[in-house]
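Encoded as structure tokens, the structure appears first; notes follow it.
The values are calculated or read from the model by the stated rules, or taken from the named source; none is laboratory data. Remember, it's a predicted structure, so these values are computed and weren't measured experimentally. Every residue, glycine among them, receives a Cβ derived from its backbone with ideal geometry; neighbour counts consider all protein chains shown. Quick note on the areas: whole protein, heavy atoms, side chains included, nothing else; ligands and nucleic acids left out. Shrake-Rupley method; radii C 1.70, N 1.55, O 1.52, S 1.80 Å.
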Amino acid sequence: MALIGKEIGDFNVQAFADGQFSAITKQDVLGKWGVFVFYPADFTFVCPTELGDLADIHDSFKEIGCEIYSVSTDTHFVHKAWHDASDTIKKIKYFMLADPTHALSKDFDVLIPEAGLALRGTFIVNPEGKIVAYEINDLGIGRNASELLRKVQAAQFVAEHGDQVCPAKWKPGEKTLKPSLDLIGKL
């Protein structure tokens, strides 16, 4: 089932960020752009490379009004332990959401039930709480934070300029396409 346009479900999860535990709900996410980055588990091999990549450009996401939420099926206590043990994870300033009940992993359709882990799913959520872009990878395929930032910028541009679309490799300031109004209504 395609998830484009799906409104994220209500949730209330524990999170770890900036040395603190807090509760994060759907209401906290609404009103700004968000990126949910699901990964299988803390203390693994590919995950820290991805989360570190996101941490390195987190400020660029914040500058465009977008918050990052990394999500695994670990608890917030495990997130803190990983943070305390890893120099790469210590760089993270965004929210690390805990999903031990699998509520978020099920809602975003990335749960591997027999393993109790999430696939590598990346979801761009608009301020209304609807998914506008997503990508799901197998466990061994890492993602690129710079490309994710570009996709968020393209989604924001399309949301603001509904009569224009972004071609492949588009970046802010580059030329967009303006298809006929008949075609836009059918997209």
- Query: Only one of (1) open to solvent by 50 Å² or more (accessible area, probe 1.4 Å); (2) outside any helix (DSSP H, G or I) fails for Phe16. Which number is that?
  - Reply: (1)
- Message: Can you confirm whether Ile4 is open to solvent by 40 Å² or more (accessible area, probe 1.4 Å), touching a residue at least 40 places away in the same chain (Cβ under 8 Å) and under 21 Å from Asp138 (Cα atoms)?
- Response: yes
- Task: Would you check if there is a residue in the range 156-175 being within 17 Å of Cys66 (Cα to Cα), more than 14 Å from the chain's Cα centre (by Cα), surrounded by fewer than 16 Cβ atoms within 10 Å (Cβ to Cβ) and of a type in the set (Lys, Arg)?
- Result: yes
- Task: Among residues belonging to the range 126-144 that are modelled with pLDDT of 95 or more and either surrounded by fewer than 18 Cβ atoms within 10 Å (Cβ to Cβ) or touching a Leu at 6+ places or on another chain (Cβ under 8 Å) (or both), point out the one that is nearest to Cys47 (Cα to Cα).
- Result: Ile136
- Message: Can you go through Phe36, Phe43 and tell me which one is in a strand (DSSP E or B) and of a type outside the set (Gly, Ala, Ser)?
- Response: Phe36
- Could you say whether any residue in the range 24-43 is open to solvent by 40 Å² or more (accessible area, probe 1.4 Å), modelled with pLDDT under 95 and over 17 Å from the mean Cα position of the chain (by Cα)? yes
- Message: Among the residues that make up the range 45-65, is at least one of them of a type in the set (Ser, Thr, Tyr) and more than 21 Å from Ile112 (Cα to Cα)?
- Response: yes
- Item | Count of residues meeting criterion [in contact (Cβ under 8 Å) with a residue 40 or more places away in the chain, in contact with an Asp or Glu (Cβ under 9 Å, 6 or more places away or on another chain) and under 17 Å from Val13 (Cα atoms)] in the range 76-92 | 1
- Query: Taking the range 170-187 as the region of interest, how many residues are within 23 Å of Val125 (Cβ to Cβ) and at pLDDT 80 or above?
  - Reply: 3
- Task: Give the residue, chosen from Phe108, Phe95, Phe123, that is open to solvent by 30 Å² or more (accessible area, probe 1.4 Å), modelled with pLDDT of 95 or more and closer than 21 Å to Val13 by Cα.
- Result: Phe95
